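Worksheet for the structure shown next.
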Amino acid sequence: MDTRREIRDFLCSRRAKLTPDQVGLPDYGPRRVPGLRREEVAVLAGVSVPYYTRLERGEMHGVSESVLEALARALQLDGAERQHLFDLARAAHPSIKPRRRRPAKQRIRPSVQHILDAITGAAAFVRNDRLDILAANRLGHALYSPMFDSAVRPPNSARFVFLDPRAHELYSHWDKAADDVVAVLRAAAGRDPYDRDLSDLVGELSTQSHEFRLRWAAHDVRQHITGIKHFHHPVVADLDLTYERMHLAADPGLTIFTSTAEPGSKHAETLNLLGSWAATLEREQVSQAADAPAGS
């Protein structure tokens, strides 16, 4: 990706979201385009207009941390947006310019799979920054069974959300799920703009999905840490689950996500029912494999 263009588009999109009233500046009537002017952002950040203009063009060589902090305050960036700004500035002028590369294949250590399998009351899976699902426990496979049914390996949340019509059925609030997916990918692209697999994925989705293109152009970023997801599962119907994110310190870029239901709630009962269905299905598959003729 063109990092300078990413910086320009991100800063322009953030100032377009603000009004003079929101930042305590006088408003002198109608504006040709929505949002703050460059001059107003420069005043709020305590820098000259030419200097801010240069930054917005993506020319961030030598920019100090204090200036980036001032920009973040002036544009009222949240935690995810602030981190994205710092990531973009770092990517714009690394000490040694890396080549666009294809990352090494990520593998799940046996001990990580053991952790997943030991989690029996929650759906759990391991994901990378490109939203590939690399491993899951039994309940995780069951919860996302439409996604795991895909012939593409590893299954990918972004491809499923934007390219598989079943996603509209699985996610009760599909628009929210789609917004989250793009915001997570956008943040990942800021951290590592030279990841070929990630840029190839973005190119694929941009080519095949109008909904993805619209969201990608918004330059929104988000930290996917905790929250509630609403499912309409093809087997057990409605499920409201709380998800939590846990980084794997020994495996940079890999994260465990767990989805749990409020104890004693109807959603906990539904999740238990899903677990029973998954266990029955697994026993049937084992039995069929055992009964199959040798060499078949």
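The values are calculated or read from the model by the stated rules, or taken from the named source; none is laboratory data. Worth saying up front: this structure is predicted, and the values here are computed from it rather than measured. Note: ideal-geometry Cβ built from the backbone for every residue, glycine included; neighbour counts use all protein chains shown. The accessibility values were calculated without ligands, DNA or RNA, using every heavy atom of the protein model including side chains. Shrake-Rupley method; radii C 1.70, N 1.55, O 1.52, S 1.80 Å.
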Legend entry - Relative contact order (%) - the stretch 116-203, alpha-carbon pairs under 8 angstrom, separation at least six: 22
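Given charges of +1 on the Cβ of Lys and Arg and -1 on the Cβ of Asp and Glu, with all other atoms neutral, how large is the dipole of the stretch 54-200 about its Cα centre, in debye to the nearest 20? The partial results should precede the final answer.
Working: 23 positive and 20 negative charges, 146 e Å.
Around 700 debye, computed over the stretch 54-200.
Relative contact order for the chain: what percent, with Cα pairs under 8 Å and sequence separation of 6 or more? Can you show the working numbers first?
Values: 388 pairs, mean separation 48.0, N = 296.
So the answer I get is 16 percent.
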Legend entry - Answer label, with log10 I(q)/I(0) by the Debye sum over Cα atoms at q = 0.07, 0.13 Å⁻¹ calculated from the coordinates and candidates [x] -0.30, -0.94; [y] -0.34, -0.99; [z] -0.26, -0.94: [y]
Inset, instruction - Putting +1 on Lys and Arg Cβ atoms and -1 on Asp and Glu Cβ atoms, find which of S172, S206, H267 reaches farthest to the positive end of the dipole of the chain. - result: S206
Inset, instruction - Set Lys and Arg Cβ to +1 and Asp and Glu Cβ to -1, take the dipole of the chain about its Cα centre, and tell me which of W216, H230, Y52 lies farthest positive. - result: Y52
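Just how large is the dipole of the stretch 1-87 about the Cα centre, in debye to the nearest 20, putting +1 at every Lys and Arg Cβ and -1 at every Asp and Glu Cβ? Could the numbers behind the result be given before it?
On the way: 14 positive and 14 negative charges, 66 e Å.
I would put it at about 320 debye.
Taking the Cα centre of the chain as the origin, how large is its charge dipole in debye, to the nearest 20, when only Lys and Arg (+1) and Asp and Glu (-1) carry charge on their Cβ atoms? Spell out each step's value before the answer.
Details: 40 positive and 39 negative charges, 253 e Å.
Dipole of the chain, to the nearest 20 debye: 1220 debye.
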Inset, instruction - Could you please state how large a percent of the accessible area of the chain is carbon and sulfur, counting protein chains only and using a 1.4 Å probe? - result: 52
